[in-house]
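The block underneath contains the structure these notes are about, expressed in structure tokens.
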Amino acid sequence: MQFTAKLETGNTFTVSPKFADKIAFEQYLANRNIGNIATNVFRMQAFCTWRAGKRDGHIDMTLDDFMNQLVEIDVTEAPAIDDEADDDAMIEGVTLGKDGLQAQQMN
């Protein structure tokens, strides 16, 4: 999943939040006693976008400043991975394909 943030300044950036960002959001909710994820979906999107944006170097501001400048967040699926590209990768004499492992004779 990717989040594209648009700020009042005109700055736009796209990030892919990590699992650690979601865990940090859970802790953020618990510390403030403001409900759970199900009742804070938009806040979760903003928090994860802010945290990933800081990590990736897109922004350098507090969460409050980010939320005050945030105009919108577009949520999109991450680009699909080409499953066919690495069907026959060689690793130490073993072919890894979509049909399983196949031993190779090493010469």
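Each value in this text was obtained by applying a stated rule to the coordinates, not by laboratory testing. Fair warning: this is a prediction, and the values are worked out from it, not measured in the lab. In this analysis, Cβ positions are derived from the backbone assuming ideal geometry, glycine residues included, and neighbour counts consider all displayed protein chains.
Structure notes:
- As a proxy for reagent exposure, ranking 15, 41 by other Cβ atoms within 10 Å from fewest up yields 41, 15.
- Subtracting the Cα-Cα distance of residue 19 and residue 2 from 0.36 nm times their residue separation leaves 4.9 nm of extension gain.
- For peptides 66-74, 44-52, sequence by mean Cβ density within 10 Å, most packed first: 44-52, 66-74
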